[in-house]
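The values are calculated or read from the model by the stated rules, or taken from the named source; none is laboratory data. Keep in mind the model is a prediction, meaning the values are calculated, not measured. For neighbour counting, all protein chains shown are included, and Cβ atoms are generated from backbone atoms with ideal geometry for every residue, glycine included. Note: accessible area is taken over every heavy atom of the protein model, side chains too, but ligands, DNA and RNA are not part of it. Shrake-Rupley method; radii C 1.70, N 1.55, O 1.52, S 1.80 Å.
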Amino acid sequence: MRPAATRNRILATLSLFALTLVALLLLTPGTARAATAGCVTDPATGCVNGTLTTADRQPAAGVVLEVAGPGGTQQATTGPDGKWSVAVTEPGQYTVTLDVTTLPAGEQLRDPDGNPRTVTVALGSSAGALFALGEPATASPEPSASAAPDDTEESSTPSFSGSRLAQQATNGLVFGLLLALASVGLSLIYGTTGLSNFAHGEQVTLGAILAYVGCQLLHLPLLASGVIAVLLGAASGWLQDAGLWAPLRRRRVGTTQQMIVTIGLSMALQYTFQFFLGGGQLRIVTTNPTMLTLGPVRMTLTSLVSLLLAVLVLGAVAYFLLGTRIGRATRAVSDNPALAAASGITVNRIIRLVWVLGGALAALGGVLMGLYLNATNWNMGGALLLLMFAAVTLGGLGQAFGALVGSIVIGLVVELSNLVIPSDMRYAGALLILILVLLLRPQGILGRAERIG
């Protein structure tokens, strides 16, 4: 039995890495890097770059720009921080054209006559091409292409209004529910195993990447790509537990050592994604979104469908935990694994199921988050991991419903904080709330106080 178990463990581990590599090898590394890599100046290379922010000073991600000049024509897409860059190998004048159809919902150029712009590029240096977004200016002069970003953004910041409050609150609700899809799985894993999985963010990234592969490289419909991404995400959760965590539990490796393994796995997966995909942005869909106006709120049809899908899935998870025998067994294992085992529950089987469910929810969250942000990249999940941990801790460690509540609170705080602080600091507000809750109520919103000692 021991040799057979060893073989199964080795096969499961190899299958885990094969699953990731099969999806990534579908990409052509050279092409991906050429299209998305950042620009670095040298004696033979110049750069055209810029930063694009929305009217309320949030980074405008997924906006497409075309740069044409002596060195040819290239396209660039703004990243999650709103930055873009293009490398050129011939000096001279270049024309930068912004594709207004790719602007975020409700945004427009503050100076439509300034599109396209012309910049002069010298090898070994950078030239900036800035576009201000906001209400078209009728009396103010055209902003200079060489002006500092703060000069063009400050004047376009809208004043506080009820409609803006409704818009930001809606954005926060959508963001919070999408974040909850990943946070609930992370909370379930912690509740049943006691493990803080730092590689959970890469499950989110994997889902978004698989959706990109299906839509843009295999030319599958978005629905089919999303379903395949979720199924493969669930399979990766099964393989992770079969190949890594179950053997470590059998060897009685402590949760602290297992947590260190998750950190190493997270770094390995991140740089694997970067190696095959490059450091730029990947758009799951490239078609122009359909805009909807619901009273004072504007949102894309994709965001509305994602919101409804997230509500349905989270409702299904709640029913699974409360209304099914396996769900009640999962809660029993989370409360007291030893007592659950004594009552006849197969603890290892429940843990395996939780890993599968967590992988599927994280992959779905990655697909929907990639659509919501209009772009994904190699470290999208890593950037969201801190918010996921904040949501899980805020709601109560190991509490699935607490993770849902915590995610909604984090989403609202992140988006509503843009009303009073710069968007670059919006995550700081969420983390400040986390610190205050831990100081005043360490068990979290829905957690139970426990006596130690």
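Over the range 341-420, what lengths in whole Å, largest first, do the semi-axes of the equivalent ellipsoid take, defined as the square roots of 5 times the eigenvalues of the alpha-carbon gyration tensor?
Semi-axes from the Cα gyration tensor: 29, 18, 9 Å.
Quick one: length gained pulling LEU436 to LEU223 fully straight, 0.36 nm per residue minus the C-alpha distance?
Using 0.36 nm per residue and subtracting the Cα-Cα distance, I get 72.6 nm.
Accessible area per residue of the range 324-418 at 1.4 Å probe, in Å²?
35
From the protein chains alone at 1.4 Å, what is the descending order of accessible area for VAL40, VAL405, largest first?
The residues order as VAL40, VAL405, largest area first.
PHE389 accessible area, nearest 10 Å², 1.4 Å probe?
40
Return the distance in nm (one decimal) between the two label points of a simple spin-label model at THR256 and ASP113, each offset 7 Å from Cα along Cα→Cβ.
Reported label-point gap for THR256 and ASP113 is 6.8 nm.
Over the range 46-128, average the accessible area per residue using a 1.4 Å probe and give it in Å², no decimals.
40
Once you have the alpha carbon radius of gyration of the range 46-128, what is it after dividing by 2.2 N^0.38 Å, with N set to its residue count?
1.07
Just the number, please: carbon plus sulfur as a percent of the accessible area of the range 298-367, 1.4 Å probe, no ligands or DNA/RNA counted.
Within the range 298-367, the accessible surface is 67 percent carbon and sulfur.
First compute the accessible area of the range 46-128 with a 1.4 Å probe, then give the percent of it belonging to carbon and sulfur atoms.
Solvent-exposed carbon and sulfur of the range 46-128 make up 44 percent of the total.
Which ³J(HN,Hα) values in Hz, rounded to whole numbers, follow from the phi angles of the range 290-298 under the Karplus curve 6.51 cos²θ - 1.76 cosθ + 1.60, where θ = phi - 60° and Gly and Pro get x?
Values per residue, Gly and Pro as x: 8, 8, 10, 10, 10, x, x, 10, 10 Hz.
Suppose all protein chains stay in the model; what accessible area per residue would a 1.4 Å probe give for the range 184-260, in Å²?
Accessible area per residue: 38 Å².
Using the Cα atoms of the range 294-453 to build a convex hull, what is its mean projected area in square nanometres?
12.1
For the range 278-341 and the range 49-115, what is the centre-to-centre distance using only Cα atoms, to the nearest Å?
Between the Cα centres of the range 278-341 and the range 49-115 lies a distance of 33 Å.
Rounded if a/c is under 1.5, else prolate if a/b beats b/c, else oblate: with a ≥ b ≥ c from the C-alpha gyration tensor eigenvalues square-rooted, which is the range 166-278?
It is oblate, given that a/c is not under 1.5 and a/b is not larger than b/c.
Would you work out the charge dipole size for the range 46-128 about its Cα centre, treating the Cβ of every Lys and Arg as +1 and the Cβ of every Asp and Glu as -1, and quote it to the nearest 20 debye?
Here the size comes out at about 140 debye.
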